[in-house]
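The values are calculated or read from the model by the stated rules, or taken from the named source; none is laboratory data. Keep in mind that what you see is a predicted model, and the values were worked out from it rather than measured. We place every Cβ from the backbone using ideal geometry, glycine too, and count neighbours over all the protein chains shown. For the accessible areas, the whole protein counts, side chains as well, though only heavy atoms, and no ligand, DNA or RNA atoms are used. Shrake-Rupley method; radii C 1.70, N 1.55, O 1.52, S 1.80 Å.
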Amino acid sequence: NSEGKTHPVGQKKPNELGIYDMSGNAWEWCWDWYDVNYYKNSPPENPTGAAAGTNRIYRGGGVESHYFWVTNTGRYTFPPALRSRSMGMRVVKKAAGPLPQGMVQVEGGTYRMGNREGGVGEKPAHQVTVRSFYMGKYEVTQEEWMEVMGNNPAVGFIGAKLPVHTISWYEVIEYCNKRSRKEGLTPCYTGTGDEVACDFEANGYRLPTEAEWEYAGRGGMQTRNYKYSGSDNPDEVAWNSKNAGGTLHPVGQKKPNELGIYDMSGNMWEWCWDWYRQEYYKNSPTGEPKGPASGQHRVKRGGSIAPYPTPDHHWTTFRFYDEPYLEFYTQGFRVVRTVK
């Protein structure tokens, strides 16, 4: 299907981790020397290949490969000096620690937050830098909430894999601290009510800042600048008022975004840490902004299955808000953790 030529990266469906083109397009060099007998004595932990050899391994298949060459188990070799139009590579970087279950690592970076074509609260578009963090691949589900809190606050739409909803911002803060303690992590939050403070250096669970949420929703360093999180077609990535049938849906059924994160557009509004102020972008700091120091409303992002407030509320740049004590069937959240 390639017509004998390589294609721009990321046009085919990603794998379960949100990684593209690991089968086909270009062969990919690996580190290892090739030894035909290596698998017989390969160490069970962190194998790095033979100590020496004449050929290096390459994987994944190229545009001139038959379909059986693009399997994820196929091993092929060439001298490391070889040059070919169908040979390429990808890079890896050692993680700060084991990847928490159900989360992806969002590599930090600088981006233009906001939207000059959006509403008043989305302007002006401005440069922001965030550092690396872990983010939940999915919105927190009802079964995850019950494991920590011992109850299910959901109303109307009940199901283990459905996102938890009808929860206030204050209850989400309580959940994050309880889950952190349960897993032996340091809670991020202290204080109560509107006096809650967040220790962003703690390794426990917390809500994303608005800047972190938008950066991840856009696809982080892998962004392809879609309007919605993972596509310019909302029906590919978002349960919305036109395709949801008036009901919430289990997490992870739509296409993920460039980072392998699901449902950042549609299904549920997601609480963020920040207090909301419409004019905040005019004076937002460029480094790791965390919102105004106080306010009456907390930010929520991503849109929902409801048709309000506007047709474009599923954009990754759209800002919405509510009083932190309010509970709605269209309101949930996902968690993040600071990379240590």
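Being at pLDDT 95 or above, in contact with a strand residue (DSSP E or B) (Cβ under 6 Å, 6 or more places away or on another chain) and of a type in the set (Asp, Glu) is true for just one of Glu210, Glu201. Which residue is that?
Glu210
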Check your understanding: Within region 145-171, how many residues turn out to be charged (D, E, K, R) and open to solvent by 60 Å² or more (accessible area, probe 1.4 Å)?
Key -> 2
Check your understanding: Among Thr71, Thr6, which is closer than 28 Å to Gln253 by Cβ and either open to solvent by 80 Å² or more (accessible area, probe 1.4 Å) or assigned to a loop (DSSP other than H, G, I, E, B) (or both)?
Key -> Thr71
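Which residue out of Gly109, Gly114, Gly49 is of a type outside the set (Ser, Thr, Tyr), surrounded by fewer than 16 Cβ atoms within 10 Å (Cβ to Cβ) and either in contact with a strand residue (DSSP E or B) (Cβ under 6 Å, 6 or more places away or on another chain) or within 30 Å of Asn283 (Cβ to Cβ) (or both)?
Details: Gly114 fails: surrounded by fewer than 16 Cβ atoms within 10 Å (Cβ to Cβ); Gly49 fails: surrounded by fewer than 16 Cβ atoms within 10 Å (Cβ to Cβ).
From the options Gly109, Gly114, Gly49, the qualifying one is Gly109.
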Check your understanding: Which pairs have Cβ atoms under 6 Å, sit 6 or more apart or on different chains, and link a residue in region 91-114 that is at pLDDT below 90 to one that is part of a loop (DSSP other than H, G, I, E, B)?
Key -> Ala96/Val339
Practice item. Keeping to region 220-252, report how many residues are in contact with a Leu (Cβ under 7 Å, 6 or more places away or on another chain) and part of a loop (DSSP other than H, G, I, E, B). Key: 2
Review point. Counting only residues that are among the polar types (S, T, N, Q) and either part of a loop (DSSP other than H, G, I, E, B) or within 31 Å of the chain's Cα centre (by Cα) (or both), how many does region 74-90 have?
Key: 2
Review point. Is there a residue being farther than 21 Å from Trp269 by Cβ, of a type in the set (Gly, Ala, Ser), open to solvent by less than 20 Å² (accessible area, probe 1.4 Å) and out of contact with any Asp or Glu (no Cβ under 6 Å at 6 or more places or on another chain) anywhere in region 132-142?
Key: no
Exercise for review: Would you point out the residue of region 59-68, among those that are at pLDDT below 95 and outside any loop (DSSP other than H, G, I, E, B), that is least open to solvent (accessible area, probe 1.4 Å)?
Suggested key: Phe68
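So that you can scan it fast, the table gives a plain yes or no per residue for (1) touching a Pro at 6+ places or on another chain (Cβ under 8 Å); (2) open to solvent by less than 10 Å² (accessible area, probe 1.4 Å):
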{"site": "Glu288", "(1), (2)": "no, no"}
{"site": "His297", "(1), (2)": "yes, no"}
{"site": "Lys300", "(1), (2)": "no, yes"}
{"site": "Phe320", "(1), (2)": "yes, no"}
{"site": "Arg337", "(1), (2)": "yes, no"}
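Yes/no matrix, rows are residues, columns are (1) closer than 30 Å to Thr247 by Cβ; (2) in contact (Cβ under 8 Å) with a residue 24 or more places away in the chain:
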residue: Gly119; (1), (2): yes, yes
residue: Glu122; (1), (2): yes, yes
residue: Val130; (1), (2): no, yes
residue: Gly136; (1), (2): yes, yes
residue: Glu144; (1), (2): yes, no
residue: Val148; (1), (2): yes, yes
residue: Val164; (1), (2): yes, yes
residue: Glu195; (1), (2): no, no
Practice item. Determine whether Tyr20 is aromatic (Phe, Trp, Tyr), part of a loop (DSSP other than H, G, I, E, B) and under 30 Å from Thr223 (Cβ atoms). Key: yes
Point to revise | All positions within region 96-134 that are over 16 Å from the mean Cα position of the chain (by Cα) and aliphatic (A, V, I, L, M) | key: Ala96, Met113, Val120, Ala125, Val128
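A quick yes/no check of all residues on (1) of a type in the set (Asp, Glu); (2) in contact with a helix residue (DSSP H, G or I) (Cβ under 7 Å, 6 or more places away or on another chain):
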residue: Ile19; (1), (2): no, no
residue: Ala26; (1), (2): no, no
residue: Trp31; (1), (2): no, no
residue: Lys40; (1), (2): no, no
residue: Ala50; (1), (2): no, yes
residue: Glu64; (1), (2): yes, no
Point to revise | Those residues of region 186-199 which are open to solvent by less than 30 Å² (accessible area, probe 1.4 Å) and assigned to a loop (DSSP other than H, G, I, E, B), in sequence order | key: Cys188, Val196
